[in-house]
Amino acid sequence: MRVIVISGGTDGMGRATLEARIRRGDEVVAIGSNPAKGRAVRALSGRVHFLRADLRSVAQTRRVIDTIRGRWPRVDALALFANRQSPRRVVTDEGLEQTFALYYLSRYLLSHGLRDQLDAAERPVIVNVAGVGTTRGSIHWDDLQLTRKYGMVDAQLQAGRANDLLGVDFAQRSGSRARYVLYHPGFTRSGDLSTMPPVVRGVIRAASVVARPVEKSIRPVVEWIDDPPADALTASDRGRPVPLSATTLDPAAARRLGTVTDALLTRLHAG
């Protein structure tokens with residue numbers, strides 16, 4: 001029985017992946033913030049465990065990592081889905097812009113924090129579902145928290161580019177046996193729109209008629225868990241390989257972001 005950890009495992013593609021892995025007989029640990037949705041996924045099978053955590057919080061993300069370490073000595077796969085769009089800039093109690101904290105920083109913490117559990121598995125894999133292959137957006141090196149100018153799309157694109165570099169950084173310097181997969185599923189009929197203004201929700205719902213079905217978008221994720229790639233790093237944009245020479249996967253930028261992230265986490269821990 002494989003042990004699969006899924007961040008954002010109570011909604012959308014995360015929940016669909018959870019259900020697919022249950023059908024394969026796996027034990028699944030779903031991380032989410034909504035207790036009602038947690039009860040709903042837990043009711044699907046006795047092999048589903050729900051860990052409640054607000055992954056915008058570094059402290060809560062570290063707590064859930066400690067819980068997993070204490071209960072599961074082995075993790076076969078880590079699937080990273082948690083994300084939430086915010087039309088306005090929201091600052092967490094730790095002083096972080098919430099998109100950066102949730103979409104990027106929680107994934108950084110989970111990837112590195114569960115390394116020992118992943119390395120205990122026979123063929124471990126991490127699948128980071130973001131926007132690899134997209135060239136829009138950039139890292140605001142002098143203002144990662146977007147204090148001077150915030151836009152919802154800009155925040156999402158920056159976090160997406162940061163996740164690209166996270167995959168490169170993990171493959172380069174973590175020393176882990178886990179294969180790292182960066183995956184862009186494309187526009188999918190999935191996700192929580194409750195944070196969106198009514199007009200935006202209407203536009204997205206109207207456009208969803210041309211969106212990919214969730215079942216189609218998660219198929220590669222399910223297959224990578226069954227059969228992880230041989231290479232340390234794989235990048236796939238809607239089924240098309242992304243060359244690791246792409247400018248968005250620059251090793252020097254990955255090292256720089258890893259160093260900046262470690263320093264940020266050290267400051268938060270000291271505070």
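Below are the figures for this structure:
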read-out: Elements of type helices (runs of 4 or more DSSP H) in region 7-100, at least 2 residues being crowded, with 23+ Cβ neighbours inside 10 Å; value: 12-23, 58-71
read-out: Residue within region 249-260 that is assigned to a loop (DSSP other than H, G, I, E, B), at pLDDT 95 or above and farther than 17 Å from Asp143 by Cα present; value: yes
read-out: Cβ pairs under 7 Å, 6+ apart, first in region 147-158 and closer than 16 Å to Tyr104 by Cα, second modelled with pLDDT of 95 or more and surrounded by fewer than 16 Cβ atoms within 10 Å (Cβ to Cβ); value: Met152/Pro87; Leu157/Arg136; Gln158/Ser138
read-out: Residue in region 161-174 that is closer than 22 Å to Gln117 by Cα and in a loop (DSSP other than H, G, I, E, B) present; value: yes
read-out: Flag if Gly202 is modelled with pLDDT under 95, in contact with an Asp or Glu (Cβ under 9 Å, 6 or more places away or on another chain) and surrounded by fewer than 17 Cβ atoms within 10 Å (Cβ to Cβ); value: no
read-out: Selection status of Leu110, closer than 22 Å to Asp227 by Cα, under 12 Å from the mean Cα position of the chain (by Cα) and part of a helix (DSSP H, G or I); value: yes
read-out: Some residue of region 76-87 being touching an Asp or Glu at 6+ places or on another chain (Cβ under 9 Å) and of a type in the set (Asp, Glu); value: yes
read-out: Given (1) surrounded by fewer than 18 Cβ atoms within 10 Å (Cβ to Cβ); (2) outside any helix (DSSP H, G or I), number of the condition Val132 does not satisfy; value: (1)
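The values are calculated or read from the model by the stated rules, or taken from the named source; none is laboratory data. From a predicted model like this one, the values you see are computed outputs, not experimental measurements. Note that we place each Cβ from the backbone using ideal geometry, even for glycine, and neighbour counts take in every protein chain shown.
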